[in-house]
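Single-structure report; data block below.
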Amino acid sequence: NRPQIVAFQDLYSSKILSWRVDHDPNKIMVIAAFGEMIENWGIPRHCLFDNGREFANKWLTGGAKTRFRFKIREDDPLGVLPLLGVEVHWATPAHGQAKPVERAFGGFARDIAKDPRFSGAYVGNRPDAKPENYGSRAIPAEIFLKVLAEGIAEHNARQGRLSPTAQGRAFDATFAESYAAA
């Protein structure tokens, strides 16, 4: 099947801070990735979320005043983010530019998905753009996760980033400088 990735990204530096993979996007993978981010980097003051159900779930965002999904009830318990004092912001629905992580995912599709170790397993970037050798091979999960981790590490460490904050540095260096001052 086609693995789904959820990632948390620092918006200032564009560094990918944590991520999870599953068969379908779901609240458990979002919470696990968020938990890893907190363990490694601390609690953010703000969080920009996609509007998918996996992000708007009550475990994570219950009680947030700006939730768009699900019925809000008076007796709903607070979710993890409101309990931690994290202000939740929602990306504009159906607007890819409102989600900065989409640019990183484009790079992953261009660089990681076409890694030679995935030969025969690449599914194409659209249903009508499948490569000649499509479906000739399945990649074991442990190999997929290893290649993905290497690709994300390379993405974060690549020099020459032209964003206004990176100014030619890697996302790792940009984040480290910002994190030290936070």
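The values are calculated or read from the model by the stated rules, or taken from the named source; none is laboratory data. Source: prediction; values computed, not measured. Every residue, glycine as well, gets a Cβ built from its backbone with ideal geometry; the counts of neighbours run over all protein chains shown. Accessible surface areas use protein heavy atoms only, side chains included; no ligands, DNA or RNA. Shrake-Rupley method; radii C 1.70, N 1.55, O 1.52, S 1.80 Å.
By how many degrees, 0 to 90 and rounded to 10, does the Cα axis of helix 27-41 deviate from the longest principal axis of the chain?
Compared with the principal axis, the helix lies near 80 degrees.
If DNA, RNA and ligands are ignored and the probe is 1.4 Å, what is the ranking of ILE143, ILE112, ILE43, ILE31 by accessible area, most exposed first?
Most to least solvent-accessible, the answer reads ILE43, ILE143, ILE31, ILE112.
Write out the GluC sites (Glu not before Pro) in segment 91-169 meeting two conditions: DSSP loop, and at most 12 other Cβ atoms within 10 Å of their Cβ.
Listed in order of number, the matching sites are GLU132.
Specify whether the C-alpha gyration tensor of segment 1-42 places it in the rounded, prolate or oblate class, a ≥ b ≥ c being the square roots of the eigenvalues: rounded for a/c under 1.5, otherwise prolate if a/b is larger than b/c and oblate if not.
Oblate shape, in that a/c is at least 1.5 and b/c is the bigger or equal ratio.
Can you spot the lysines whose alpha carbon is less than 17 Å from LYS58's alpha carbon? Ignore those fewer than 8 places along the same chain.
In chain and number order, the partners are LYS27, LYS71.
Dipole of segment 27-120, Cα-centred, from +1 at each Lys and Arg C-beta and -1 at each Asp and Glu C-beta, to the nearest 20 debye?
280 debye
Straight distance only, please: which aspartates and glutamates reach the Cα of LYS130 with their own Cα at less than 18 Å, same-chain residues fewer than 8 apart left out?
Filter leaves ASP111, ASP115.
What ratio of Cα Rg to 2.2 N^0.38 Å holds for the chain?
1.11
Note down the magnitude of the dipole of the chain about its Cα centre, charges +1 on Lys and Arg C-beta and -1 on Asp and Glu C-beta and zero elsewhere, to the nearest 20 debye.
That gives the chain a dipole magnitude of about 400 debye.
Could you give each residue of segment 88-100 its phi-based ³J(HN,Hα) in whole Hz, using Karplus coefficients 6.51, -1.76, 1.60 with θ = phi - 60°, and x for Gly or Pro?
8, 10, 10, 5, 5, x, 6, 9, x, 5, 7, 10, x
Could you give the longest part of the chain that holds none of the trypsin sites (Lys or Arg not before Pro) found in DSSP loops with at most 10 neighbouring Cβ atoms within 10 Å?
Longest gap between qualifying sites, sites excluded: 74-182.
For the pair GLU102 and LEU78, how long in nm is the line joining their label points, each one 7 Å along Cα→Cβ?
3.2 nm
To the nearest 10 degrees, how steeply does helix 141-157 sit against the main Cα axis of the chain, on a 0 to 90 scale?
With both axes taken from Cα atoms, the answer is about 80 degrees.
Would you kindly state the longest site-free stretch of the chain, with sites defined as chymotrypsin sites (Phe, Trp or Tyr not before Pro) in a DSSP loop (not H, G, I, E, B) surrounded by at most 14 other Cβ atoms within 10 Å?
1-67
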